[in-house]
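Undergrad: Before anything else, here's the structure in question.
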Amino acid sequence: TTAKHTAKIIFGNDRRPQEHFVYTDLRELFPGYEFDFGKSTYKGEDPSEGGFVWAVPGIYENVGVLDVASMHPTSLIKMNYFGEYTDRYADLLKARMAIKHKKFDEARTMLDGKLAPYLKDESQAKDLSYALKIVINIVYGMTSAKFDNAFRHPKNKDNIVAKRGALFMIDLKNACLAEGMEVVHIKTDSIKIANITDADIKFVTDFGK
């Protein structure tokens, strides 16, 4: 299966990689966050258990859409979720981004050169990028699965990979509203702002950094 193949790439022959995983208590990163009896709350809002969704129904003009690139994979990496194996997962993401941006020489050196044979014909790069995307994304899904698997931390009842992104988006929404922006929609990793200006875009970008 794709999941088993991905586990081999990241964890090698380690049959219990979970013993090296790192669990992050999100209450320490986001003061005020609580998770009790399967229910999350943060600053008076429900971040949900998969991705934060918020909207103000209406008709708007000049709406700008800004999104977080690779939100879930980046959260996983920033929290060092896989412990000593996190860098291996990060290499997959870096390789995909290198291929996506046509930095083929750089990609050929990544993952101990294992991608090089598949980049001899650069016309195949798009397919390789898509294959890496599938591998990268399946990992997040497995970290939050209800069943035991190589990617799931036994303490992760809280789906912390997706939750970190949701809590960030709540902070971003509140910061934009405080700046007087007309925020009209948020869905998982994207924010829509009506009558958006260059200053708004800079604010959101800087906040994301």
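The values are calculated or read from the model by the stated rules, or taken from the named source; none is laboratory data. This structure is a prediction, so every number in the text was calculated from the model and none was measured. Glycine also receives a Cβ, built like all others from the backbone with ideal geometry; neighbour counts cover every protein chain displayed. Please note that ligands, DNA and RNA were not included when accessible areas were found on the heavy atoms of the full protein model with its side chains. Shrake-Rupley method; radii C 1.70, N 1.55, O 1.52, S 1.80 Å.
Undergrad: With viscosity set to 0.890 mPa s at 25 °C, what whole-number translational diffusion coefficient in µm²/s follows for the range 43-165 from Stokes-Einstein and a Kirkwood radius over Cα pairs? Write down the numbers at each step before the final one.
TA: Details: Rh = 16.6 Å.
For these conditions, the coefficient is 148 µm²/s.
Undergrad: Based on Cβ point charges of +1 for Lys and Arg and -1 for Asp and Glu, what charge dipole magnitude is obtained for the chain about its Cα centre, in debye rounded to the nearest 20?
TA: Numbers: 30 positive and 29 negative charges, 167 e Å.
With only Lys, Arg, Asp and Glu charged at Cβ, the dipole is about 800 debye.
Undergrad: Residue by residue through the range 182-187, what is 3J(HN,Hα) from phi via Karplus (6.51 cos²θ - 1.76 cosθ + 1.60, θ = phi - 60°)? Round to whole Hz and write x for glycine and proline.
TA: Once rounded to whole Hz, the list reads 9, 6, 10, 6, 9, 9.
Undergrad: Could you report the range 7-113's accessible area per residue, 1.4 Å probe, as an integer in Å²?
TA: Numbers: 6350 Å² over 107 residues.
On a per-residue basis, the range 7-113 sits at 59 Å².
Undergrad: Tell me which DSSP H helices of the chain clear both cut-offs, 30 Å or more of axial length from alpha-carbon atoms and a mean Kyte-Doolittle hydropathy of at least -0.5.
TA: Numbers: long enough: none.
Helices passing the filter in the chain: none found.
Undergrad: How large, in percent, is the carbon and sulfur part of the accessible surface of the chain at a probe radius of 1.4 Å? Walk me through the numbers on the way to the answer.
TA: Numbers: 6250 of 11760 Å².
With neighbouring chains kept in place, the figure for the chain is 53 percent.
Undergrad: Related question: Using only alpha carbons, build the gyration tensor for the chain and give me the equivalent ellipsoid semi-axes, biggest first, whole Å.
TA: On the way: eigenvalues 206, 119, 34 Å².
Those come to 32, 24, 13 Å.
Undergrad: Return the inverse of the average 1/r over all pairs of distinct C-alpha atoms in the range 1-108, which is the Kirkwood hydrodynamic radius, in Å to one decimal.
TA: 17.4
Undergrad: Could I ask something else about it? Amide H neighbours of residue 182 under 5 Å, at least 5 residues apart or on other chains, H built in the peptide plane: list them.
TA: Excluding prolines and chain starts, which carry no amide H, the hits are 194.
Undergrad: Okay, moving on. Within 10 Å of each candidate Cβ there may be at most 14 other Cβ atoms; applying that plus a DSSP loop requirement, which trypsin sites (Lys or Arg not before Pro) in the range 1-31 survive?
TA: On the way: sites: 4, 8, 15, 27; in loops: 15.
Taking the range 1-31 and a limit of 14 other Cβ atoms within 10 Å, the loop trypsin sites (Lys or Arg not before Pro) found are 15.
Undergrad: Let me ask something else about it. Quick check: residue separation of residue 19 and residue 101 times 0.36 nm, minus the Cα distance between them. What number comes out in nm? Walk me through the intermediate numbers first.
TA: Working: separation 82, 0.36 × 82 = 29.52 nm, distance 3.53 nm.
So the chain would gain 26.0 nm between residue 19 and residue 101.
Undergrad: Of all alpha-carbon pairs in the range 136-209, indicate the percentage at a distance above 21 angstrom.
TA: Details: 1101 of 2701 pairs.
The share of Cα pairs beyond 21 Å in the range 136-209 comes to 41 percent.
Undergrad: Could you list which residues have their amide H under 5 Å from that of residue 63, counting only those 5 or more apart in sequence or on another chain, with H placed in the peptide plane?
TA: Under 5 Å from the amide H of residue 63: 195.
Undergrad: Using the Cβ atoms and a cut-off under 12 Å, what net charge is assigned to the surroundings of residue 84, where Lys and Arg are +1 and Asp and Glu are -1? The partial results should precede the final answer.
TA: Numbers: positive: 88; negative: 14, 19, 87.
Charge balance near residue 84 sits at -2.
Undergrad: To continue, here is another question. Of 55, 6, 196, which is farthest towards the positive pole of the chain's charge dipole, taken about the Cα centre with +1 and -1 on the beta-carbons of Lys, Arg and Asp, Glu respectively?
TA: Highest projection toward the positive end goes to 6.
Undergrad: Could you tell me which of 168, 129, 107 has its Cα farthest along the dipole of the range 82-209 towards the positive end, charges placed at Cβ (Lys, Arg +1; Asp, Glu -1), taken about the Cα centre?
TA: It is 129.
Undergrad: Along the Cα→Cβ direction, 7 angstrom out, place labels at residue 28 and residue 84. What is the inter-label distance in nm?
TA: For residue 28 paired with residue 84, the spin-label model returns 2.1 nm.
Undergrad: I've got another one for you. Taking 7 Å along the Cα-to-C-beta vector as the label spot, tell me the residue 175-residue 190 distance in nanometres, rounded to one decimal.
TA: 2.1
Undergrad: GluC sites (Glu not before Pro) within the range 18-61: which are DSSP loop residues with at most 14 other Cβ atoms inside 10 Å?
TA: Details: sites: 19, 28, 34, 45, 49, 61; in loops: 49, 61.
Filter output for the range 18-61: 61.
Undergrad: May I ask you to derive the FRET efficiency for residue 209 and residue 126 from their Cβ-Cβ distance with R0 = 41 Å, giving the value to the nearest 0.05?
TA: Working: r = 29 Å, r/R0 = 0.71.
Between residue 209 and residue 126 the formula returns 0.90.
Undergrad: For an R0 of 45 angstrom, estimate the FRET efficiency from the Cβ-Cβ distance between residue 56 and residue 147 and round to the nearest 0.05. It would help to have the intermediate numbers written out before the result.
TA: Details: r = 38 Å, r/R0 = 0.84.
That pair, residue 56 with residue 147, gives E of 0.75.
Undergrad: Related question: Residue by residue through the range 152-157, what is 3J(HN,Hα) from phi via Karplus (6.51 cos²θ - 1.76 cosθ + 1.60, θ = phi - 60°)? Round to whole Hz and write x for glycine and proline.
TA: These are the phi-based 3J(HN,Hα) values: 9, 6, x, 8, 7, 7 Hz.
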